[in-house]
Structures are given as C-alpha cells and as structure tokens.
1. With (1) buried (at least 18 other Cβ atoms within 10 Å of the Cβ); (2) closer than 17 Å to Leu59 by Cβ; (3) not hydroxyl-bearing (Ser, Thr, Tyr) as the list, and Val144 as the residue in question, which single condition is left unmet?
2. Being among the hydroxyl-bearing types (Ser, Thr, Tyr) and either touching a strand residue (DSSP E or B) at 6+ places or on another chain (Cβ under 6 Å) or part of a loop (DSSP other than H, G, I, E, B) (or both) is the filter here, so list the residues in the range 38-86 that pass it.
3. Within the range 110-152, how many residues are of a type in the set (Phe, Trp, Tyr) and under 23 Å from Thr47 (Cβ atoms)?
4. Restricting the range 97-133 to residues that are modelled with pLDDT of 90 or more and crowded, with 23+ Cβ neighbours inside 10 Å, which is farthest from the chain's Cα centre (by Cα)?
Amino acid sequence: MTLNLTKPWDDVLTQIKTWARINSPWLVHYNSGSCNGCDIEILATLTPRYDLERFGVKLQGSPRHADVLITTGAVTRQSRDGLLRTYEQMPDPKFVVAVGSCAISGGVFQGCYNVIGEIGDVIPVNVYVPGCPPRPEAIIYGVVQLLNSLKK
C-alpha cells in the first residue's frame, strides 16, 4: 500500500488504520452452543501446521481489543445475551465470521426448544464458513476472504 501524502491528514490516517486492520486483525472466539467440533478446528488453524498467524491474525482473549468475532454453534437462549454483549464490547469497525453449519442455519439443533436460530438472526455476519465441522483450510479461506473484502 502506498500512502498519498498530498491528501488531507484525515485521509492519510484512515489509510493507515485500514492498512493496520488488514495486516493485523485480532480475533475473539465465541461458542454460542456448539458441539465443540468447530472449536477444535478453529484452534487447529492456529497451530503451526495450518498457521493462520502468517496473515497477521492473533487470537485475543478480550472482545475490547478484537476486530473480528469468530462464532460457532447455534444461538441458544442462554448464550444470546452473552453473544450480544461480546459483539457490543468490540470497537468499531467490527466483523463477524460464522463457522459451521450450526452457526449458519442452526444445523442439527434447528427446531430444538432451547435454540433461537442462527448467528445471523442475532448479529450481522460478514463471512459464512460452511461445514460440520469445517476444515481448517476452509476457516483460513473465510478469514482471508474477509481481509480481501476490507481492502476494497
């Protein structure tokens, strides 16, 4: 990325923020009621074998420092408030990646008495990663697609 210093300083600052956001996204993970299959695959993407960190991605423990929320599982009545609270604590601009069939459509838990529905029913979702559970390569592809959309 080349900076155009002939623009006003506000534009230059916006370019720097966008560059930093694309090259160093911080993720926070939230399990809203999954069977932990997707959680294991998300953790596998961070291991040296798949190495999601080569894209500058860092898993963060606090939503107050994260740019991207990775969610798994169908939204249950118990987890709805926690999911909303986690999403609202993230600074703007914030992005959401829904991982797994349960996060996309409710999966095998769709229609259960305690399941509200998919992640998109509660918060806006930017990228969907299908699968039950999705392979680490698919999760990496979804995160890279999100980063490519931020470049535009």
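The values are calculated or read from the model by the stated rules, or taken from the named source; none is laboratory data. What you are looking at is a predicted structure, and each value in this text was computed from that prediction instead of being measured. Please note: Cβ atoms are built from the backbone with ideal geometry, for glycine as well, and neighbour counts cover all protein chains shown.
1. Here Val144 clears every test but (1).
2. Thr47, Tyr50, Ser62, Thr71, Thr72, Thr76, Ser79, Thr86
3. 1
4. Only one residue fits best here, namely Val129.
Yes/no per residue for (1) under 20 Å from Val143 (Cβ atoms); (2) of a type in the set (A, V, I, L, M, F, W, C); (3) in contact (Cβ under 8 Å) with a residue 12 or more places away in the chain:
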position: Ile16; (1), (2), (3): no, yes, yes
position: Cys35; (1), (2), (3): no, yes, yes
position: Pro48; (1), (2), (3): yes, no, no
position: Lys58; (1), (2), (3): yes, no, yes
position: Arg64; (1), (2), (3): no, no, yes
position: Glu88; (1), (2), (3): no, no, no
position: Pro91; (1), (2), (3): yes, no, yes
position: Phe95; (1), (2), (3): yes, yes, yes
position: Ala98; (1), (2), (3): yes, yes, yes
